[in-house]
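The values are calculated or read from the model by the stated rules, or taken from the named source; none is laboratory data. Please read these numbers as outputs of a predicted model, since none were measured by experiment. Here Cβ is always computed from backbone atoms with ideal geometry, including for glycine, and neighbour counts include all displayed protein chains. Side chains included, ligands, DNA and RNA excluded: accessible areas come from the protein's heavy atoms. Shrake-Rupley method; radii C 1.70, N 1.55, O 1.52, S 1.80 Å.
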Amino acid sequence: MKFDITKLEWTRKPKDYIMSDNKITITTEPNTDLWQRTYYHFRNDNAPVLQMETEEKYFSFIVKTEFDSKHRFDQCGVVVYLNSENWLKGSIEYENDIFQHLGSVVTNNGYSDWATTEIDASIKSMWYRLSRREDDFCIECSADGKVYKQMRICHIFKAKDNIKFGIYACSPENSSFTATFSNMEMKECQWEKHNGQAPDKE
């Protein structure tokens, strides 16, 4: 499955971006974010999102991210954005000059959750592999684009048929940074079928 950059479409277009063959640069605008309700009790739905639509139910999307984030909550990564209340994102979110959060947010029916682990603030590049098996998803990350480690397995209730997937970048507070996305690929699903405990019988 060839990744065709010309099939990417903006859900929300940033003011400052550059698109070339297999490379996209986004400069974020202040006060842009994706979050729904949980804990913080606010709803933000204005981050730039660039996606491709597919009816493929088994695939993996790979992308390399590079970023100069330096302000709290600056973030960029992969996304499956169906609508404002149903989406998935995986990214590195800057916290301070000591650490940042490598994590993911899953939003189902208008409520977000956030799962993270702390990594060193000096890390300014990360590869992601987003895999789909019907309406289940797996996000993995890699420092070198070769060895991937699982970040999260999750379910999106509304991801039954066609979905959209791609990249995003945002700055929830009063800041701006530049994120570069490259080495984009769409492959046969690298998330192998489970070969352990059998499914429950219905």
Quiz item: Can you pull out the residues in the range 132-186 that are in a loop (DSSP other than H, G, I, E, B) and either touching a Leu at 6+ places or on another chain (Cβ under 8 Å) or at pLDDT below 95 (or both)?
Solution: Ile156, Lys158, Ala159, Lys160, Asp161
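Considering only the range 11-49, state which residues are of a type in the set (A, V, I, L, M, F, W, C), in a strand (DSSP E or B) and more than 17 Å from Thr180 (Cβ to Cβ).
Matches in the range 11-49: Leu34, Trp35.
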Self-check item: Any chance Lys160 is of a type in the set (D, E, K, R) and under 22 Å from Ile26 (Cα atoms)
Solution: no
Quiz item: Filter the range 147-161 for residues that are within 29 Å of His71 (Cα to Cα) and of a type in the set (D, E, K, R); which is most open to solvent (accessible area, probe 1.4 Å)?
Solution: Lys149
Practice problem: Check whether at least one residue in the range 114-129 is part of a strand (DSSP E or B) and farther than 28 Å from Asp97 by Cα, and report yes or no. | Solution: no
Quiz item: Given the conditions (1) touching a residue at least 60 places away in the same chain (Cβ under 8 Å); (2) assigned to a loop (DSSP other than H, G, I, E, B); (3) more than 22 Å from Ser84 (Cβ to Cβ); (4) among the charged types (D, E, K, R), and given that Glu192 satisfies all but one, which numbered condition is not satisfied?
Solution: (1)
Practice problem: List every residue pair whose Cβ atoms sit under 7 Å apart, with the two residues 6 or more apart in sequence or on different chains, where the first one lies in the range 175-187 and is farther than 17 Å from Cys141 by Cα and the second, anywhere, is open to solvent by less than 10 Å² (accessible area, probe 1.4 Å) and not in a loop (DSSP other than H, G, I, E, B). | Solution: Phe177/Ser171
Quiz prompt | Selected residue (only one of Ser125, Ser131 is exposed (fewer than 15 other Cβ atoms within 10 Å of the Cβ) and of a type in the set (Gly, Ala, Ser)) | solution = Ser125
Self-check item: Residues located in the range 1-40, provided they are open to solvent by less than 90 Å² (accessible area, probe 1.4 Å) and polar (S, T, N, Q)
Solution: Thr11, Ser20, Asn22, Thr25, Thr27, Thr28, Thr32, Gln36, Thr38
Quiz item: Taking the condition over 23 Å from Ile24 (Cβ atoms) and not aliphatic (A, V, I, L, M), does Arg129 pass?
Solution: no
Quiz item: Taking Asp136 and the conditions (1) touching a residue at least 40 places away in the same chain (Cβ under 8 Å); (2) surrounded by fewer than 16 Cβ atoms within 10 Å (Cβ to Cβ); (3) under 21 Å from Glu85 (Cβ atoms), which numbered condition does it fall short on, given that it satisfies the others?
Solution: (1)
Exercise. Those residues that are in a loop (DSSP other than H, G, I, E, B), surrounded by 22 or more Cβ atoms within 10 Å (Cβ to Cβ) and of a type outside the set (Gly, Ala, Ser), I need them from the range 52-104; list them, please.
Key: Asp74
